Every structure is written in structure tokens, then in C-alpha cells.
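Each reported figure results from applying straightforward, stated rules to the coordinates on display, with no laboratory input. Fair warning: this is a prediction, and the values are worked out from it, not measured in the lab. All Cβ positions, even for glycine, are placed from backbone atoms using ideal geometry, and neighbour counts span all protein chains on display.
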Amino acid sequence: MKTKERRERLQNKGFTLIELIVTIAIIAIFSGVVLTFISTGSNTYRSTSSSAKVQMETQETFDQIEDLIIDVNRSLYYANGSGDSLGAEIKNDIKQSGGANSTGDKTFIICNEYKNGTGNSQYICDVLDWDKDDATIYYSQKEYKAASSSAGNETSVESLMAAEDDTEENAVDAGASESETKVKDLKMKVDRSVLATGILDFRADVSKVESDKIVRFQLSTQDGTKEIETLHSVSLRNTVEVKKPADSYDDAPSTSVGIKIINAPSSVDPGNSYTLDYNLTGNGKIDPTTIKWEVTANTENGSFPTADPTYGKLTLSDTASGTITVIVSARTVDGDMITSAPVTIPINGKNATPESFTLSTNSILVAADGLYDLSTIIKGTLSYSDNTTADVKNPIAWSIKNPCTGVSLNGSQLTVTDEAGKDSANGSVTLTATEKDSGANKSADLEVRIARIDLTQPVGTYKVGDAKPAGRYTYTYMEAGAVAQSRPSATNFTVSIKKTDGTGDYIGGADSFTADDVGEWTARISYDLSGRGYGTVKDTQTFRVEDEGNSPITINNNKSINAVAAGQTYQCEPNINWGFGFDPKKKDSLWKVRWYLKDTYQGVSITNTTNNKASLTVQAATKDFIPHGFIIGLEYTKYNKWEESSGIAQHYYVEKSVNVVYGLELTEDKQPIYGGGTYAMGVNMLAARPDGSTYKKSLTENDVKNNFWSNAKYDSKTGKWLYESQPVGAETKVLVEFKIYGISGVFYDDKSDNATKKSTYISTEVTMLPTYSITAIDADTGEEIKQLGTSKKIKFEVHAHYKGQKADYTVKWNDVQGCKSSTEEDQSIICTPNTTTDKIYCGGNVIIKTESGNITKSFNLTLNNTFSFWVG
């Protein structure tokens, strides 16, 4: 027994070291597996618990929203923005998987109408505002009362939904119109409060509300690091419309609806894009599919999508500068077009600095005698330090760097006259262009080369039988003041050489001038510089073809007379010795003439009569009418035989330019004269030329054939006519008349030389100044003395007046007789008569001071049984 127990003890000695290590390893492995299972289970539990919590919160949010809308009986409205900044209406913005979240706030409005027993309605609007920045959905409720839903009361969405913190009852939008203030008892029923948080995105679909009564909502939430999108549908119990709250309460006509742009950026950057929004004002609805965004000013700066003009995405070009102006328009449901006010947005400038300014070309060719708008010809480009370029938008400022004859600038308008380009010194001009976009006033030069053409043949006067110039015509074409080496082909020029009346065949006719060529010709040549430059070079020359030995038109058989008097009728007849005459070279009867006026002339007419005669009348001048000069012409036709049908042997025209003398005028000395003095005047002949211009000719004694101006003579030294006045009383106006007959070089239609019949009068008025008087008074009593008596002292006073006023004068007395004593006092003298005398006599001079010098007159007086004086 003991042995067995000992053996058992020996066999139960414990774990060996190896057994112990193996046992510990097995325990460690088993513990790790158990711990991993526990950890995984714990994480799975936490994850499942968190996800379930998010799902529960999301479902609670959906349930609250569904409770708000399922029984809606008036309208739903879904739009961008929130509060008083509602934007464009949204029909459906449910996104597909992976789409980007919304970029702005959203508002969902649920409107109901509850009627009471009084016939009034209570309108309740539940408002869901999703704030993107807060990732929160806010809930608020407002109400207002009105007489009925069709009473025409109106308010705007802005007025109804604005002022989230406004809790005052009966509040009305301060900016509302008269019609908008008809809203009754507007008040906040439930203040704005949090409905749900952690909402990363809020979207809805109301496109099937009116057709299927279904609304879909889509919420994006955060589950750990993962974003979860949940879609929820609500089936409505009532048929409602998708409208703004005001639209759902009122049936106002759509013509009262307006549209405006909201939330436009204060400025934009080139190359960037911006989404613009709009808002509706007033009442009524629009068709969202007709919305159209447009750029109306500076269209090169940016644009909206052409494929979808309803999308308010404004994209700026890389070179945009200055400003850009946009509008938005749409049609109402009634088909009326509404358009917003334009909004102009400044464009921020490039940060890069302008380095250079270049023009679209540095040299142009322009025709002389032309006007050019440089703003349509030349464009400018700015180069920047970032290697970008931009066309300049503002008008370029132009100036002349080196002037030349015939070239001027007015803004961008370049004027080149016919005087430009005649030589190398005036063949081109350099202009400086300065841009105004960058503020750096960068400049560039433009060379303007001037092209011109000058006809050199035919010019001047040719005779019948002369050879026409070689090639019929010659010309000089110049560029930059020199004959062009590579001038255009002659076939590119337009040439016209015709008689002034439009007849004649100069180019296709004979090589020499014939009788049919007699008359005035006009030659024109032109070349359009298109493709080579700008404008048209052109020139016009006139030349004359005369019949060898043709007689000219004469007046009174005198070639030197070139003027006639107005108010006359003149005879026109060949072989006449007075009037308008013409003496053909060949004295036979195989010819006829026709008299004519080359143009229409004021106050001049001509009537052809029989036998090659005509009558020409020049009307007389009046105060408001002056007849013109004229060009009288004669068409001469000579036939081969007596009959006109025999053919023309010679045919030509003769013309004469005639001036018309319509009056005379006196040029006065403008100074008064005295009896017995002279008054200087000039005499001018007044005449008119054929172009209507007038001129004066001063007439001398040699110009006047017969002078009937009494008391007048010509002073060759002064070139004046002197009128000699007769002694007359002071302050007397004298009418001076000048009557003549015949002026050299001027013909009067008067064969009898009857001066009275054809005389011409001119007149003026002159005034005789100053006036004088002498009085005799009693020196003691002041009484007037008319005869010599017993007075002890007699005072003689001299009085002088000039221009109606007392003159500035002095008196010098001399040769006093019949007085035993005399005393001078100012302009008077006091005499004491001799007791034995029967007469007092005094003499002297009176000197008047005037602005043009002194006037001295002598005088004398006599007092005996009468008193008399003389001033001369």
C-alpha cells in the first residue's frame, strides 16, 4: 500500500517547464481571440447604434414635415433663399447619387385657409427655412386675416415671409405698395425655432403636386465620416397648387407681376463665373421655362449659357474689363413679357500691370479730300506683365505728332483736305494714339500716308482742230507725297469726260476736236482705295473747246462792258449795236442762235422770240431783294444748206458772265458842317455777281459819265466827293442828293441818253452845327435892350450851343466903337456909351472847344435904333 501511494506521488509531480510554456501560449491565444470578438462586437454595436440614431432622427424630421403638409388645402411653394430674400422658384432639385450639395439656403412654404362663421378667412403659412451655413431646418408660422379669398387683397411673398423676428400683430411691410397694405392682421403666430439639425442638404420635388398630389423630400445627414442621403415621399390628401402665398390667396391679374435681379455681386473678376438670382414682385405668375438671362451692355465681357438661358450663371471672359450690364426677362402665364431693370456690375481689374500698347496696324493709306473715323479703322491692344493681352474698351485719344498741310484731328475724326499729299513734306502725318483703359496712358504711333490723284490732261482751252491729248487723258497718282512706283492698273480707275450739260463723247470721238466739241467740258477721275487703303482718290478738272475765230457776246457792241443796271429790260440779237449782241464770223443765213441763261438766277429772266432774238429782264432792287448777276449764253448752229435737215456744219456755245449794278450808296463823313463849309462823302456802286455774292466799287470822277449832283465836285487827293453847303440857319438838316447817268463798264438800256429817265438817286442828311446868339441888356436891371437909349451901362453877351447843349467856349472882343469905356467879363462886355454917340459897334471871335478840335467863328454887332448881330 505504501509503495502504491509513493508511486502515485511520484507520478503526480506537477507541470514541467515545457508544459508550462505551452499552457501559457494556449491561454494567450485563446484570450486574444476572445478579446477581439468582444471588441468587434462592441464596435459593431456602437456603429449600429449610431446609424440607427441618425436614421431615427431623420425619420422624425420627415414625420414632422409630413404632418405639416399632408393636410395642406391651399398651396405649396418651394424656392431658393430664405426670409425676405426669397429667390427663384424651384420645381424639382432632387439630386442623383454623388451629386454636389446645394450652394444656398432654401425655403418651403405650406399655406392653409381656415374659414370662420363670419365669412372671414384665416390664412396660416408654415415656413421651413433650411440654412446651409447652420445645416439646420428652422420652423415658423405666420397668419393674416382677410374678408375672403377672392376679395383682391394682396401682399408679396417678401411682405408675408419677411421679418422673422417681428412678433408685433397687425404688422405690415413698410415698403409695401398701397395694394399690399390691404393685408389684415398680419402677425407671427409661431416664432422661428429649430426643427432639425445636422441637415447637410435639403431638396424637394413639387413638380407632381398638382398632377399626382405627391411631394418628395431629400435630406443629407452625417453618419460619422459618411454622408447619408434619404428620400421620402408624401401623398397629399387635398388638391392644391404650387404658388407663392400671395398668389394662392388672390386672383390678381398677372399683368401686375414684376421681376427683379437680387443678390447680384458688388463686383466680379475676369475669368470667373457667378450665379445670379431673381425675384418676382407684385401678383401673378410667370412661366419658368420662359426665363431668359441676357447681357445688354459690353457683351464681349461675359455671357450666360446659350443652351439654357434660364440658368443665371454669368461667366466673365478672361479679358473682361470695365463693367457688364445684365437683365432677366420672362413671360407671365397670360403671355405678357416682363423685364427687370438692368443691373450694371463693375469688373475688377487685372492684377497684372500693363507693359505695352500696340495698334492693329502701324501705317495706313488714306485718300486726300476725305473724312475718316479712326475708331472704326484702328483697334488697340494692351499687353500685361502676366503675358496676357486685352483689347482696349475705352476710346483711344488721338493727337498729331508731326503736322502737315491739310490734315486736322477732332477727337477720332481725321480730316484730310484736297491740299494734302502734294509733296514729300506734306505726304504723310504721324499720329499718336493713347489708351485710357489701364490708367498708365500707354502710347503708340500711327503713320498716315496720303494718296492723291491729279488730272494733268485735258485742262485749259482747246480750239477746234487741235489734237486731243495722247491717250485722251493723263494723270499723276501719288502716295506719301511722291509718285507711286507701284500704282494701280489704269483699268481700276473710273474716268468720265463729258460736256457740262452731260453730252459729248470725248473718249470715243475723233482724235481732234471738232465743231461739235465746242463748249465747257468736265473731266473726272477716281480710284477706290479699298484693299489698299481707305477712301477714294479723285480729281475734277474743266476745260473748254472754242471755235477758231468765234465772236464773243458783246454788250452795247463793246467787249469791255461786263455789267448792266437792275430794273431794265435788254434786247438780245445778233448783229445789234446795243443790248446783247453777237456777230458770227460768216455772214450768211445758214445759221440760227438760241439765247439762254446758264443757270437760274434771282431776279433775272430771259424769253426767246423769233428771228434769233430774246428779251432779258433784270428786276430792280428793293430793301429786301437784290437781283443776282448772271451768265448769258448763246447756242450757235450752222447748217450745210438752207434746210436744217441738211446737217450741221458748225455747232458751238458762247457764254458771257455779267454782273448786275443794283444801286449806289453814300459813305458819309459823319461830321456836322457849317453854312458855307464842305462835307466829304464817298460814292459806292453796289453790284452782284452770278453766284449771288455782292461787292462795292468806289466811284471816282472818271467812273461817272455825267454828274447831276449840285454843289459837288470830286477831290482826287482824298478820293472823296465834296458837297459845298450854302449858308443856312443853325441846327438845320439838309438833304443831299446825288444823281448820275452812266458808269464806265455798266450798260443802261437807254438809246436816247435821257438822263432824267434813267437817273439813279442816292441821298443823305447832314446837320449844320453849332448855334450862336448875342443879346444886349441893361447892366444894372438886366432888362433886354432893343435900341440905343439913356442906359448908363450896356452889357453885350455872346451865347454858343453845340449838339443841343451850352458849348465850352471863349470870346475875344475887339474893335469897340461908340463907348467911352468898356470892360470884358467872361463871354460878355460892358460898355458905357458916349453921350454924343448914336451907334455902338463891337466885333470879335468866339472859339468853341469840341472833341475833334476848336471851332472859331467871327462876329460883329450894332446897336442904334435897332439891335443886330452877325456870326460867320
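Relative contact order for segment 495-611: 16 percent, from Cα pairs under 8 Å spaced at least 6 residues apart, divided by residue count.
Taking Cα centre as origin and charging only the Cβ of basic (Lys, Arg, +1) and acidic (Asp, Glu, -1) residues, the dipole magnitude of segment 355-548 rounds to 420 debye.
If a/c stays under 1.5 just call it rounded; otherwise compare a/b with b/c (prolate if a/b is bigger, oblate if not). Do that for segment 411-553, with a ≥ b ≥ c from the square roots of the Cα gyration tensor eigenvalues. Verdict is prolate for segment 411-553. Taking 7 Å steps out from each Cα toward its Cβ at Arg594 and Ile26 produces label points 14.9 nm apart. For the pair Thr381 and Glu19, label points projected 7 Å from Cα toward Cβ lie 9.8 nm apart. Is the C-alpha gyration tensor of segment 335-409 telling us rounded, prolate or oblate? Criteria: a/c under 1.5 is rounded; beyond that, a/b larger than b/c is prolate, otherwise oblate. Judged from the Cα gyration tensor, segment 335-409 comes out oblate (a/c at least 1.5, b/c at or above a/b).
Computed extension length for Asp131-Thr476: 116.0 nm, one decimal, from 0.36 nm per residue of separation with the Cα-Cα distance subtracted. Once both labels are positioned 7 Å from their Cα atoms along Cα-to-Cβ, the gap between Ser424 and Gln602 label points is 5.0 nm. In this structure, the residue pairs whose Cα-Cα separation is over 29 Å, taken from Lys53/Lys208; Lys132/Lys226; Lys213/Lys285; Lys720/Lys812; Lys285/Lys313; Lys106/Lys313, are Lys53/Lys208; Lys720/Lys812.
In segment 266-393, a dipole from Cβ-located charges (positive for Lys and Arg, negative for Asp and Glu) runs towards its positive end, and of Leu374, Ser360, Ser317 it is Ser317 whose Cα lies farthest in that direction. For segment 594-669, the relative contact order is 28 percent, taking Cα pairs closer than 8 Å that sit 6 or more residues apart in sequence and dividing their mean separation by the residue count. Taking every C-alpha pair closer than 8 Å and separated by at least 6 residues, the mean separation divided by the residue count of segment 355-548 gives a relative contact order of 22 percent.
Cα-based count: Lys pairs in segment 355-548 below 23 Å, eight or more positions apart or different chains? Lysine pair count for segment 355-548: 17.
Which FRET efficiency value, to the nearest 0.05, is calculated for Asn558 and Lys623 with the Förster distance at 30 angstrom and r the Cβ-Cβ distance?
0.40
Close amide H pairs (under 5 Å, H built 1.01 Å from N) link Gly282 with Gly258, residues at least 5 positions away or on another chain.
Charged neighbours of Thr417, selected by a Cβ distance under 15 Å, balance to -3 (K, R count +1; D, E count -1). Put in order of Cβ neighbour count within 10 Å, fewest first, the listed residues Glu655, Glu419 become Glu419, Glu655. The gain in end-to-end length when the Thr835 to Ser512 segment is fully stretched comes to 105.1 nm, 0.36 nm per residue minus the alpha carbon separation.
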